[in-house]
Structures are given as structure tokens and as C-alpha cells.
Amino acid sequence: MNNIKNMVKKSGTSFFWSMRLLPNAKRNAMYTIYAFFRHIDDIVDGNAPLEEKQELIRMALAAREKAYAPYSNFMVGAALRAKDGRIYTGCNVENASFTPTSCAERTALFKAVADGVTEFTDIAVVGSRRGEVNEQITSPCGVCRQALFEFGGPELNVIMAKTPEDFIERSMDELLPFGFGPSNVAGNAAVEK
């Protein structure tokens, strides 16, 4: 079973690319098998319990209320869990010239890094227009995905929520396939541990 699990985990996007050649029924069955093996570590190792995920979402919802979003009125909150259990929250902070705007995910990440924390397990992200109820999930933008990949790697669990009861999870590897990170610059003393 470990051989199959490792093969599926390593195959990543190439697995999905080859799936397009199968008939629909077989393709759906293979996706189910892939999803099972892709997340078997969560089942076996006991990824964060549901209550912990819901608490992370609640913290992201609270952070969202602090967003400074006078231009878009789209408020985003994030709660980032470090490997040591500490949680860092962030909200989006807009700027009139737009380029210096900081997303909630990077705000939480930069707070953590400034505190000396550089290893993470989960992040919850929520967003909605000011005064509205979430009708769809909010996922990290491309820049945030790259920043999170730097410190969370492909295993970082991303929880994208409407409410604490209504959310989906994806690994950073699924959100940023073939992500560029510290291992891509191996040999650089700054990233060698």
C-alpha cells in the first residue's frame, strides 16, 4: 500500500494529465482512488481534528472584520497555524495605489516570520464583500500561494471556508502544482538546513 501511496503522491499533476484519456466512469473511479491515497496520511496520522479546523476558521472570520478594504469592500481574513501550535491571524490591507496592498494570508505569514516562526501546518482563509454573507469560498491568490509555499511547502493544508461548517481543504501542492521553493535553489547556504 505504501508503494501505491508514494506513487500517487509523487505523480501529482501528471496523474491528472494522463486521466483525460480514460472514459468518464473510469476517470471518476481513478479520481476517487487518487483522492484517497493523496490524503491517506491525514487519515492515518490524524490531521487536525474537525474542531481545530473550525476554530481556525472562526479566527479567520474574526480577523476578516479588521480588514482595511475601502476600495474593493472585499474583506479577507486568514488564520495560520504554526507547527508549534501558535496561530497568527491576518486581514487584507488595501492601499490607494493598489500595488502595496497586502492580502490576509501574507499579513498572517509575515507576522509569524517576524516572530521567528517559519514552519506551518494549516491556514484558513475566508472572504466576502463588506456586510454580505459568504456565498463562495475564497482561495489564496497566486502571490499568496507562492509565499505560503516558501514556508509551508507542498504539504501545507489550505482550508477555504464559507463558515466553520462549510469548507473545503486542499494541499498547497494541489493549489500550486510544481511550486518553486527552497529546494529549487539547493546549494544556496541561505536555504540549507
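The values are calculated or read from the model by the stated rules, or taken from the named source; none is laboratory data. The model shown is predicted, which means the values in this text are computed figures rather than measured ones. Reconstructed Cβ throughout: ideal geometry from the backbone, glycine too, with neighbour counts over all protein chains shown. When the accessible area is computed, the model is the full protein with side chains, heavy atoms only, and any ligands, DNA or RNA have been set aside. Shrake-Rupley method; radii C 1.70, N 1.55, O 1.52, S 1.80 Å.
Can you name every residue in the stretch 46-80 that is basic (K, R) and farther than 19 Å from C141 by Cα? I'd like the intermediate steps shown before the answer.
The first filter runs over the stretch 46-80 and keeps only residues basic (K, R), leaving 53, 58, 64, 66.
K53, R58, K66 - these are the residues of the stretch 46-80 that are basic (K, R) and farther than 19 Å from C141 by Cα.
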Output the residues belonging to the stretch 60-81 that are surrounded by 15 or more Cβ atoms within 10 Å (Cβ to Cβ) and either β-branched (V, I, T) or assigned to a strand (DSSP E or B) (or both).
-> F74, M75, V76, G77, A78, A79, L80, R81
Matching residues, the stretch 103-149, being open to solvent by less than 60 Å² (accessible area, probe 1.4 Å), among the acidic types (D, E) and within 16 Å of A67 (Cβ to Cβ) | E105
Got a sec? Which of A96, A147, A112 is touching a residue at least 40 places away in the same chain (Cβ under 8 Å) and either part of a helix (DSSP H, G or I) or among the aliphatic types (A, V, I, L, M) (or both)?
-> A147
